[in-house]
Each structure stands twice: as structure tokens, then as C-alpha cells.
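Nothing in this text is a laboratory measurement; each read-out follows from the coordinates by a stated rule. Remember, predicted model here, so these are calculated numbers, not experimental data. Ideal geometry is used to build each Cβ from the backbone, glycine not excepted, and the neighbour counts take in all protein chains shown.
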Amino acid sequence: MKKTLYSSVLLFFLLSSCADKYLAYQSRYPFKSPDGSPDFSQLDYWAAHPWKTDPSDSIPPFLQKENRDSLADVFFLHPTTFTKKKDSVHTNALIDDPYINAKTDYSTILYQASVFNQQSRVFAPRYRQAHIQNFYSGDTVKSKAAFELAYADIKAAFVYYLTHFNQGRPIIIAGHSQGAFLSERLLKEFFEDKPLAKQLVTAYIIGWPVPGHYFSTLKVCNDAQQTGCFCSWRTFRNGYRPPYLTKETDTAWVTNPLSWTTGPEFVSRKENKGALVRYNKLYRKSTDAQIKDGLLYTKKPRFPWSFLYRSKNYHVGDINLYYMDIRHNVAQRISAYLKQAN
């Protein structure tokens, strides 16, 4: 897994440009936590929040004329941005690290959380995320503690959100990679067999497996308009199965983000509404999709310079390769939810 994640350099470059650009944004994050923990009553501790202007509000030029609304709330859990090898001695990120916060906001919040901003208010808490090495460490006790701390922050943020902002509004839970891993636990603790389930529009658990028996009553979505269910996928090039997946003993649920079904049917890239690789450019019909053996497969995506991209692991592009399809589906599910509610 380590090799394939770190080999996604070119696509990450295309999605977010040179990582050094984050240095220019550090001065925007001067806040300091008195005790090292997040204070969710303060907007500084939210990477995205409807009460402030942040990168999740960004709209690509080709979408400037679309109708926008705030019919639902999205609680978005960002993926790992604490990745520098020199920092691996720290199990968790500092909540007030200006570089990590800049990197988070101008990569995943800009390129991923923004997919939800057409009809939703976006809430994305900062949290003391586990360093990426915790996914590979042989020290399971230390790694478990790192993820426990990360989840504790997310839980505190969600409780604060429910208490101060939700007011009975429809909720979408969304996360990618580490964020998706932690969102599974959030869904199990707060939604499954709980009264809050009636407010769940859907959950997008992307870039992390949902084992077949993880949830007891929360079901995978079977079509584009089903609500109260979850969608999940991990994207790879046709024919490739990473060696680390041999340890998976329970086949994961997978959603095809072009058809929003769970069947094995191939869906052509002609059905792809558009990939967002650079923020000012939409690439239509770039990526196909087919489910097989608990994974989502595609041919090599088509966009400028994609012929240079040799990796077969498209983890970093799980959302962006299907950006417009997700954006359209969010609107579909919110509409279906509101019709049922009425």
C-alpha cells in the first residue's frame, strides 16, 4: 500500500499543483491551541464552515451559472494530509500546524469538499489526524491510539455540529481515505439503529473499504436516488490488485459512481459527466467504471498528460475522476430525501 500511495505523484500534481505552494498560505493560520486540542466553537478549527469563506466554497468557472441552495448539510472528513516522512516520529498532527492546515484546505477541501457545495452547507472539522505511517506500522498499539485520538476529535466536532448547527436538517456524511475510515465509525455510533438515521440523506465512504458485515442495518445504496444508505468505492486501473489487499477476508461493498448501482456491469466513459483535474478545467468522458472483486476498476483516465501517469492506483483521484457525477448525485439524493420527508 505504501508504494502505491506514494506513487500517485503525477495525478496529485495535476489535482493540486506543486506542494510548495502551501508554504504561501501558512500565514493564514496563525491561531494556536492553548492545550493542543481543537475548540470547535472557534471557526479556526473548521477547515470548512458555512459561517466563513473557505476553499470548499469555490466553484469552478464552468459551474458559475448553476443554481445553488443549502438544502442539506455535509459533514466532510478529509483524508490524510500529514504525510511527510520526517514527521513520522509524531503519531498525530498538531491541530494548529500552519503548513498542514494550509495543505488540507488547498488540496482536499478545495478539490474534494467543494463537490458538495451546490445544494449543501459544508462542515469539515480539523482533527489531529494520524500520520500516514500509522496505516503501515507494525506497532498496532501505537497506531490504534493515533486513530483513537483522531476519532475523538471528529466525534467532538460532530456533537458540536449537532448541538449548535444542525437543527434537524438533512445530513450527508462524506469522507475520503482516513476520513472515510473514521466516518464508518461515526455512522455506526450516531446513525445505525439510532433516531438520527431518519436525517441521513446518504453517506459517501470513499477510498476505504466497507466490509460486507460492518453494518447491521445501514445498507449500501442500490440506485441513484435511494436515501438513508451509503456509497463506497476504491479506484484502480483494470487488472491491478494491490498486494496489500490480499489481507482482506470480507468482500467490501462497492458502488459504481457512473451508474450508482452495485452490479458488475461496465459503464463507458461516455457516461462520465466530468473529471476535475485542474480547478478551472472539466474533462468530460475521461473515466469509465466497473465493479469487480470488491474494487472499482477503470481504464487509464483521459486528460492532458495522462499518458505520463504510470501508477495503477487511483486512490488520490477517487473523487475527482467522478467529480461531476458525484455533484449530480448529491442533488438527486437530496431531492429524493426532501420528497419523502414531505
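Specify the inter-centroid distance of the range 97-129 and the range 149-210, based on alpha-carbon positions, in whole Å. About 16 Å separates the Cα centre of the range 97-129 from the one of the range 149-210. For the range 110-182, the C-alpha radius of gyration divided by 2.2 N^0.38 Å, with N the number of residues, is 1.27. Across the chain, Cα pairs under 8 Å and at least six residues apart give a relative contact order of 18 percent. Given a Förster radius of 45 Å and the C-beta distance between Ser268 and Asp35 as r, what FRET efficiency does 1/(1 + (r/R0)^6) yield to the nearest 0.05? With R0 = 45 Å, the Cβ-Cβ based efficiency is 0.25. According to the Cα-based calculation, Rg over Rh for the range 32-133 is 1.01, with Rh computed by the Kirkwood formula. For the range 177-299, a Kirkwood radius taken over Cα pairs fed into Stokes-Einstein (37 °C, viscosity 0.692 mPa s) yields D = 214 µm²/s. Checking the a/c ratio against 1.5 first, then a/b against b/c, what shape does the Cα gyration tensor give for the range 282-332? Here the range 282-332 falls in the oblate category. Over the chain, what number does the Rg to Rh ratio reach, with both radii from the alpha-carbon atoms and Rh per Kirkwood? On the Cα set of the chain, Rg over Rh gives 0.93. Full extension of the chain between Ala224 and Asn238 yields a length gain of 2.6 nm, computed as 0.36 nm times the residue separation minus the alpha carbon distance. Label positions at Thr163 and Arg302, each projected 7 Å from the Cα along the C-beta direction, are separated by 5.3 nm.
For the range 66-199, the convex hull spanned by the alpha carbon atoms encloses 109 Å³ per residue. Cβ-Cβ distance of Tyr136 and Asp57, R₀ of 30 Å, FRET efficiency by 1/(1 + (r/R0)^6): the value works out to about 0.30. In this structure, the residue pairs whose Cα-Cα separation is over 29 Å, taken from Lys188/Lys270; Lys300/Lys339; Lys32/Lys65; Lys52/Lys85; Lys52/Lys155; Lys270/Lys312, are Lys188/Lys270; Lys300/Lys339; Lys32/Lys65; Lys52/Lys85.
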